[in-house]
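Trainee: Sharing a structure with you now.
No value in this document is a laboratory result; all are computed from the given coordinates. Fair warning: this is a prediction, and the values are worked out from it, not measured in the lab. Here the Cβ positions follow ideal geometry from the backbone for every residue, glycine too, while neighbour counts run over all protein chains shown.
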Amino acid sequence: MTPPVRIQAPAKLNLCLYLGPRRDDGLHSLCSLFEPLALTDLIEVSAAEHDEVLCPGVEGENLAARALAELRERAWDHPPLRIEIEKRIPVAAGLGGGSADAAAVLRLAQGAVGDLEALAAELGADVPSQLEPALALVRGAGERVERLPAPASHGVLLLPGGGGLSTAAVFAEADRLGLGRSDEELEDLAVRLREVAGAGASPLTYSNALANDLEPAARSLRPGIGTALDALHEVGAPLVLLTGSGPTAFGLFPTLSAAEAAAARLDRDDAIVCEAGQAP
């Protein structure tokens with residue numbers, strides 16, 4: 001019997017997120033920089049009598065199971081698989097954990113199923129970028145992915161605040177608050193981000209180009225986000241932002257050890273420290 005295969009599904013960090021108008025399909029245009037984290041879900045893939053996707057401790061829809069089902073719909077004839085996900089990435093925290101798991105499942109069919117990028121986009125906005133985790137300029141509703149040179153390694157301190165914030169609710173709140181930019185503004189921002197991030201520098205060198213337009217909406221729904229952002233400023237993080245639709249606040253540091261020292265000063269149960277910049 002073939003031994004089980006273990007693969008990693010890395011979390012992603014939105015170094016910035018610029019919000020554009022709502023499109024005809026109901027999604028919003030975005031401009032963002034994604035980078036992979038060393039924080040990963042672990043996925044064990046083994047032979048089975050029938051397809052089965054397990055994610056102990058996580059209830060509700062499983063995007064990885066949908067990914068496998070869609071591969072079968074496209075006539076992927078690999079023998080049945082048992083896929084078990086060990087969740088390490090906080091759920092519904094703006095870190096793309098479910099998307100990372102789905103992309104990892106899609107990668108199992110590379111070379112056997114065509115146009116995985118289109119399938120990834122059907123599954124979710126963050127899935128296309130996770131097919132090949134790397135620093136990327138992401139546009140459209142997530143389906144336009146332009147990979148960039150890996151940045152210099154740096155440390156990240158994450159404060160997920162328990163996760164559980166609905167992406168759809170945050171976007172709805174952003175609409176209610178009248179947040180967003182024009183498509184022309186997004187185009188200009190994409191040019192600037194490509195220029196500053198395209199040379200492999202640490203994001204700390206272009207921090208003035210980074211912001212998250214969804215922060216006011218996320219803070220409106222989860223006021224504790226403001227407390228987390230303030231705490232990261234207080235321990236000296238050179239760059240403090242919200243990732244994705246939240247609720248995870250993060251601070252960037254020049255080194256992993258600096259992030260670890262800041263986490264020790266915070267003394268928060270939800271703190272996670274990891275390296276960023278290159279896929280594990």
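Trainee: Fewest to most neighbouring Cβ within 10 Å: what's the order for CYS16, CYS31, CYS274?
Mentor: Numbers: CYS16 22, CYS31 26, CYS274 19.
Exposure proxy ranking, most exposed first: CYS274, CYS16, CYS31.
Trainee: If you don't mind, another one. GluC sites (Glu not before Pro) within region 3-61: which are DSSP loop residues with at most 10 other Cβ atoms inside 10 Å?
Mentor: Values: sites: GLU44, GLU49, GLU52, GLU59, GLU61; in loops: GLU49, GLU59, GLU61.
Answer in residue order: GLU49, GLU59, GLU61.
Trainee: Counting pairs of alpha carbon atoms under 8 Å apart in space and at least six apart in sequence, what relative contact order in percent does the chain give? Numbers along the way, then the final one.
Mentor: Working: 631 pairs, mean separation 70.5, N = 280.
Result for the chain is 25 percent.
Trainee: For the Cα atoms of the chain, what angle does the longest principal axis make with the long axis of helix 256-266, in degrees from 0 to 90, nearest 10?
Mentor: Once rounded, one gets 70 degrees.
Trainee: Within region 122-160, name every residue whose backbone N is under 20 Å away from a label modeled 7 Å from Cα of HIS78 along the Cβ vector.
Mentor: 122-124, 127-134
Trainee: Over the Cα atoms of region 77-141, how large are the radius of gyration and the largest Cα-Cα distance (Dmax), in Å?
Mentor: Expressed in Å, the Cα Rg and Dmax of region 77-141 come to 12.5, 36.
Trainee: Next question, about the same structure. Using the Karplus curve 6.51 cos²θ - 1.76 cosθ + 1.60 with θ = phi - 60°, work out ³J(HN,Hα) for each residue of region 71-86 in order, rounded to whole Hz, and write x for Gly and Pro.
Mentor: Computed from phi, the couplings for region 71-86 are 4, 5, 4, 9, 6, 5, 9, 4, x, x, 10, 10, 10, 10, 9, 9 Hz.
Trainee: In addition: Nearest-5 percent of antiparallel DSSP beta bridges in the chain? Walk me through the numbers before you get to the answer.
Mentor: On the way: 44 of 48 bridges.
The antiparallel proportion sits near 90 percent.
Trainee: Per 5 Å bin, what is the whole-percent P(r) computed from every C-alpha pair distance within region 5-276?
Mentor: 1, 6, 13, 17, 19, 17, 13, 8, 4, 2, 0
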